1. Say we look at segment 150-160 and pick out the residues that are surrounded by fewer than 17 Cβ atoms within 10 Å (Cβ to Cβ) and in a strand (DSSP E or B); which of these is modelled with the lowest pLDDT?
2. Say we look at segment 236-249 and pick out the residues that are polar (S, T, N, Q) and part of a strand (DSSP E or B); which of these is surrounded by the most Cβ atoms within 10 Å (Cβ to Cβ)?
3. If only one of I301, I316, I233, I275 is over 29 Å from G209 (Cβ atoms), in contact (Cβ under 8 Å) with a residue 40 or more places away in the chain and crowded, with 22+ Cβ neighbours inside 10 Å, which one is it?
4. For segment 121-152, what are the residues that are out of contact with any Leu (no Cβ under 8 Å at 6 or more places or on another chain) and farther than 18 Å from T196 by Cα?
5. Filter segment 211-230 down to residues that are without any contact (Cβ under 8 Å) to a residue 40 or more places away in the chain and under 16 Å from E165 (Cα atoms), then give me how many there are.
6. Just checking, which of E147, E163 is outside any strand (DSSP E or B), surrounded by fewer than 17 Cβ atoms within 10 Å (Cβ to Cβ) and either hydrophobic (A, V, I, L, M, F, W, C) or without any contact (Cβ under 8 Å) to a residue 40 or more places away in the chain (or both)?
7. Could you list all residues from segment 125-142 that are hydroxyl-bearing (S, T, Y) and either at pLDDT 95 or above or over 20 Å from H90 (Cβ atoms) (or both)?
Amino acid sequence: MKKLLPIYFLAGCMALFAACSDDDINEKPGDTPSTPGDDEQVDPEPDPDPSGSLTGYGDPDGMMILSSGSGSEENAYLTFIAPDGTVENHVYANANGGATLGNAGVDMYLCGNKQYILCNDYFRNTGQLLIIADAETLKKEKSFARESMVFEHPINMVDDKKEMEEVDESLKGIIALDEQNIFIFGQGVLRFDSTTGKLTLVKDGYDIGNAGSANTVESITAAASSVVANGNIYSATGGFWQSGTLLEFVKGKDEVNRKLTLRGRGDLVSGVCQIDDHTIVVGSYLRGKANKEGYLCFVDINKWDVTDSRTIDASIARCMKDNSGITYHNGYLYFTGGVEGEFSADLNTTLSRYHLESGKLEKDIVDFKADAPEGNVLDCCVTADPDSGYLYVALSDQWMEGYVPQSTVLVYDLNGETPKLVKKISNEVHYVAGFYPL
């Protein structure tokens, strides 16, 4: 089944169905954290983050799901899976007197006691581009319309002043470090201060296309290619505009703090995972028939050095989805991979994993269609909750213009020798943009 590109947001009509839960989730086992070796630098403690002690919709044992919605017929909405497994739909609207999120949900990020929710808001109706809500209650605190989200173009001038450019519809995610440092991935990396409303294009966080004529500002990375570690953002670049490079973004700085050249053949980034206190792994791949291999590059962010690179005999393609194509839990990278061409992309509907220590690759260990026969396409890449060890999968029977799909969310327990299905949720979500462990 071929994925239609962003046009699908403009189609479909609103439909809500009854939820069907096969099993409840009652356990939340955790992982044992890694300990730095004697020869490694230990970073100072990051700023205190109260998110671990939140309650309500911020409960760390819960899970939030962002549905993109069906374009002109339906705005984005949130679904909450409570610690006891209860599913509550449209929780943002319920908390705000029926007010909706923006049109075409893109991404969200929990930082401190606030949720930062990003929507494309194609139709500029009631939802707006960025909403900041109380994490525990989901009550809206602030919102920002697209027309207010403007930044200085780095080259173009109007009447001897820098031209002001509006955030366009190429949004690729959001990461917040605090209220003054909200990084929006659009046409380039943008740093937004929600206390002042100032939006700044981060130097070296973009490229210029059509130089000398339109001077278009072009994206070189995305939230799906990024991870937060030690209070900083680490983003991998790759693709048409940039070769493989790791960028470091820090609070209060409107330019890239550090750059590191990566190893590996892959020119497209699948995702980035933190595997211990100071090590991240960047997954990359090649487009088209060549994407039967995956490439892993390991970086020590304290030493700022590439420590290892590997090739695995499996596709780890992200297939144009807006969340990471690789996800980490307890020594394993989990992924589906797929086939990605120039104009279409299909994620596989089977789960594979790679053991980082032994190098053992296990392909197709779970067939999602066996547990959800109607699930022909994946809405987004699979996501593991690092604390619980549960893996979340979103499927639809079809993904096409003018069609409201039958949807399924599958939840697997990764804590045993093989993944075990523990929950199935039917027809609550609609074009899932991502899963967000709390």
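1. Looking only at segment 150-160, we keep the residues that are surrounded by fewer than 17 Cβ atoms within 10 Å (Cβ to Cβ), and these are 150, 152, 154-160.
Filter once more, so that each one left must be in a strand (DSSP E or B): 150, 152, 154-158.
Numbers: V150: 97, E152: 95, P154: 93, I155: 90, N156: 86, M157: 81, V158: 86.
Here the residue is M157.
2. Among residues in segment 236-249 that are polar (S, T, N, Q) and part of a strand (DSSP E or B), the one surrounded by the most Cβ atoms within 10 Å (Cβ to Cβ) is T237.
3. Of the residues listed, the single one that is over 29 Å from G209 (Cβ atoms), in contact (Cβ under 8 Å) with a residue 40 or more places away in the chain and crowded, with 22+ Cβ neighbours inside 10 Å is I301.
4. F123, R124, N125, T126, D134, T137, K139
5. Count: 4.
6. Details: E163 fails: outside any strand (DSSP E or B).
The unique qualifying residue is E147.
7. Within segment 125-142, just T137 meets the criteria.
Let's see how each residue does on (1) surrounded by fewer than 16 Cβ atoms within 10 Å (Cβ to Cβ); (2) in contact (Cβ under 8 Å) with a residue 60 or more places away in the chain; (3) not in a strand (DSSP E or B):
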{"residue": "T79", "(1), (2), (3)": "no, yes, no"}
{"residue": "E88", "(1), (2), (3)": "yes, no, no"}
{"residue": "G97", "(1), (2), (3)": "yes, no, yes"}
{"residue": "N103", "(1), (2), (3)": "no, yes, yes"}
{"residue": "V106", "(1), (2), (3)": "no, yes, no"}
{"residue": "L118", "(1), (2), (3)": "no, yes, no"}
{"residue": "Y122", "(1), (2), (3)": "no, yes, yes"}
{"residue": "Q128", "(1), (2), (3)": "no, no, yes"}
{"residue": "I131", "(1), (2), (3)": "no, no, no"}
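The values are calculated or read from the model by the stated rules, or taken from the named source; none is laboratory data. For clarity, every value in this text was computed on a predicted model and none was experimentally measured. Every residue, glycine as well, gets a Cβ built from its backbone with ideal geometry; the counts of neighbours run over all protein chains shown.
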